[in-house]
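One structure is given here, and the rest of the page talks about it.
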Amino acid sequence: MIDRADLHLHTIHSDGTLSPGELVRRAKAGGLSAISITDHDSVGGIDEARAVGETLGVEVITGVELSVSVGDQDVHVLAYFFDHRNQNFLDHLELYRYERVKRAERIVGKLNNLNVPLRIESVMEKAGNGSVGRPHIANALVDEGLTGNYNEAFMKYIGFGRPAYERKIQVSPRDAMEMVSSAGGLSFLAHPGTSISEEVLMGLIRDGIDGIEVVHPSHSDERVAFYRGTVSEYFLLASGGSDFHGGRRNDLQVLGKYHISGEEVGMMRRRLDLA
Ligand code: AMP
Ligand code: FE
Ligand code: FE
Ligand code: ZN
């Protein structure tokens, strides 16, 4: 029986700081009975998490966080319950990760043109074997003393609209959702409270998104209530979690604080049984 489920967690397979096994142990200590590892464009942490989860009695639901393009905006989509060995799915993730490396190189090129002497090697070292992203670039900038702190790196250089910003590969929401559903999974709009307009939200509902991430640290109680209303109005599913990354960004107390219920996870399963 699932009591508390946190379906949004990152590991060293993307921009998180814990290994999947360590994260499962910490989740257990935080009182969670089910989790999903949702690394950006990677399913590399799932098998390890599941193996440790089985020994501890923590259910590990298959997950990933994808990026899709809506206009010039980068929108995050969480996918759950798909077959993480589906070859078409894996091929797409590999392409997205390759394009992330190319983009990191372009960002470093722009920084160098701005007289910020960051080397791509120090960024790739931060990413290790995981999907490289702007958080690795921000951490490399801080560690090399090229910027004051993590947030300043985004505000000065790599945030949306800043001089070293570069887009990721552009994937349409429909294509991403199609890829997820053909691998047997469900798609959710991630953290809509972080600058997703009502127009974008409605567009995704029209495109056939299965649910909304209702519970997220960036959502006030009013926002949570608002998205719960949208979920029931459009017969969608509700997801939620902590978006835990560890390290400088989250402390461990966050684990166990943001969760959905076993009943909400059950509704996801029932929706798939109907498919
Ligand atoms: P990427 O997937 O490489 O585009 O990196 C996106 C991640 O960078 C997001 O999930 C956030 O964690 C972080 N991020 C994006 N914009 C900002 C910002 N303005 N300030 C701090 N962190 C940010
Ligand atoms: Fe992240
Ligand atoms: Fe996200
Ligand atoms: Zn996330």
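Only one of the numbered conditions (1) touching a helix residue (DSSP H, G or I) at 6+ places or on another chain (Cβ under 6 Å); (2) within 16 Å of ligand 2 (Cβ to nearest atom) is violated by Glu105, and that is (2). With respect to Gly185, determine if the residue is in contact with a helix residue (DSSP H, G or I) (Cβ under 9 Å, 6 or more places away or on another chain) and within 16 Å of ligand 2 (Cβ to nearest atom). No.
So, of the residues in region 232-265 that are within 16 Å of ligand 4 (Cβ to nearest atom) and not in a loop (DSSP other than H, G, I, E, B), which turns out to be modelled with the lowest pLDDT? Among those residues, the one meeting the criterion is Val254.
The number of residues in region 243-275 that are within 16 Å of ligand 3 (Cβ to nearest atom) and either among the aliphatic types (A, V, I, L, M) or open to solvent by 90 Å² or more (accessible area, probe 1.4 Å) (or both) comes to 2. Out of Val108, Val77, one residue alone is of a type in the set (Val, Ile, Thr), within 16 Å of ligand 3 (Cβ to nearest atom) and either closer than 23 Å to Ile158 by Cα or surrounded by 13 or more Cβ atoms within 10 Å (Cβ to Cβ) (or both). It is Val77. Against the test of being within 27 Å of Arg223 (Cβ to Cβ), at pLDDT 95 or above and within 16 Å of ligand 3 (Cβ to nearest atom), the options Gly208, Gly203, Gly159, Gly185 yield a single qualifying residue, Gly159. Output yes when any residue across region 67-83 is touching a strand residue (DSSP E or B) at 6+ places or on another chain (Cβ under 6 Å) and among the hydroxyl-bearing types (Ser, Thr, Tyr), and no when none is. So far as region 67-83 goes, yes, one or more of its residues are touching a strand residue (DSSP E or B) at 6+ places or on another chain (Cβ under 6 Å) and among the hydroxyl-bearing types (Ser, Thr, Tyr). Scanning region 118-144 for residues that are under 17 Å from Asp41 (Cβ atoms) and either surrounded by 14 or more Cβ atoms within 10 Å (Cβ to Cβ) or in contact with a strand residue (DSSP E or B) (Cβ under 6 Å, 6 or more places away or on another chain) (or both) returns Val123, Met124, Lys126, Ala127, Gly130, Ser131, Val132, Gly133, Arg134, Pro135, His136, Ile137. Applying a threshold of 6 Å to beta carbon distances and a minimum spacing of six or more residues, or different chains, the list of pairs starting in region 203-221 at a residue that is touching a residue at least 60 places away in the same chain (Cβ under 8 Å) and ending at one that is open to solvent by less than 20 Å² (accessible area, probe 1.4 Å) and of a type in the set (Phe, Trp, Tyr) reads Glu213/Phe188. Under the condition of being part of a helix (DSSP H, G or I) and either without any contact (Cβ under 8 Å) to a residue 40 or more places away in the chain or of a type in the set (Asp, Glu) (or both), the residues counted in region 10-51 number 12. Among all positions in region 47-61, there is no residue which is within 13 Å of ligand 4 (Cβ to nearest atom), in contact with a helix residue (DSSP H, G or I) (Cβ under 9 Å, 6 or more places away or on another chain) and of a type in the set (Val, Ile, Thr). The single condition among (1) assigned to a helix (DSSP H, G or I); (2) open to solvent by 10 Å² or more (accessible area, probe 1.4 Å) that Asn115 does not meet is (1). Go through region 220-242 and report how many residues are open to solvent by 20 Å² or more (accessible area, probe 1.4 Å) and touching a helix residue (DSSP H, G or I) at 6+ places or on another chain (Cβ under 7 Å). Here the count works out to 1.
Considering (1) open to solvent by less than 40 Å² (accessible area, probe 1.4 Å); (2) basic (Lys, Arg); (3) within 24 Å of Val254 (Cβ to Cβ), the lone condition that Arg50 does not fulfil carries the number (1). Being at pLDDT 95 or above and either within 17 Å of the chain's Cα centre (by Cα) or within 16 Å of ligand 4 (Cβ to nearest atom) (or both) holds for only one residue in Ala164, Ala153, Ala176, and it is Ala176.
The values are calculated or read from the model by the stated rules, or taken from the named source; none is laboratory data. Please read all numbers here as calculations on a predicted model, not as lab measurements. Note that each Cβ is placed from the backbone with ideal geometry, even for glycine, and that neighbours are counted across all protein chains shown. Accessible surface is based on the protein model in full, side chains and every heavy atom, while ligands, DNA and RNA are left aside. Shrake-Rupley method; radii C 1.70, N 1.55, O 1.52, S 1.80 Å.
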